[in-house]
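Inspection log for the structure reproduced underneath, given as structure tokens.
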Amino acid sequence: MPGMFDMIKKAPAMMKQMKQLRQIQKELARKTIVHSSSDGKVKVHVSGDMCVKKIEIDPALLQSISAVKLGDVIARTVNEALDKMKAELGSNLADTLGGMDPSELLRGLGMK
């Protein structure tokens, strides 16, 4: 069975890649970005494991905007922050993985 032999032969390299991926996951979880709304009055902190860690709202904004509009600004800023983090992670992973498609890894990590 040449197929089985090839798999066994590749096992050490695959194990090394899995170890590298686990290390990358740990490093990504420690990474954080801050993204601001267009007017700078809402700031969202997102970690590399795609968790929103903190949302800052300028108190003056609460006096000048309706709850519905505030919700829209927060949602838009959160989505932009997540998109920014995905792009940064994809770029970092492409460098680290040396040609492997980072979108496949991101999907595997639940970061579509």
Task: Only one of Leu70, Leu21 that is part of a helix (DSSP H, G or I), surrounded by 13 or more Cβ atoms within 10 Å (Cβ to Cβ) and modelled with pLDDT of 95 or more - done: Leu70
TODO: Please determine, by comparing only the residues of segment 28-66 that are of a type in the set (Gly, Ala, Ser) and surrounded by fewer than 16 Cβ atoms within 10 Å (Cβ to Cβ), which one is nearest to Glu88 (Cα to Cα).
DONE: Ala29
- [ ] Collect the residues in segment 42-67 that are touching a strand residue (DSSP E or B) at 6+ places or on another chain (Cβ under 8 Å), free of Cβ contacts under 8 Å to residues at least 24 places away in the same chain and either over 30 Å from Gln23 (Cβ atoms) or part of a loop (DSSP other than H, G, I, E, B) (or both), keeping them in residue-number order.
- [x] Glu56, Ile57, Asp58, Leu61
Task: Scan of segment 40-59 for residues that are modelled with pLDDT under 95 and out of contact with any Asp or Glu (no Cβ under 8 Å at 6 or more places or on another chain), ordered by number - done: Ser47, Asp49, Met50, Cys51
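The values are calculated or read from the model by the stated rules, or taken from the named source; none is laboratory data. Please read these numbers as outputs of a predicted model, since none were measured by experiment. Positions of Cβ are generated from backbone atoms using ideal geometry, with glycine treated the same way; all protein chains shown enter the neighbour counts.
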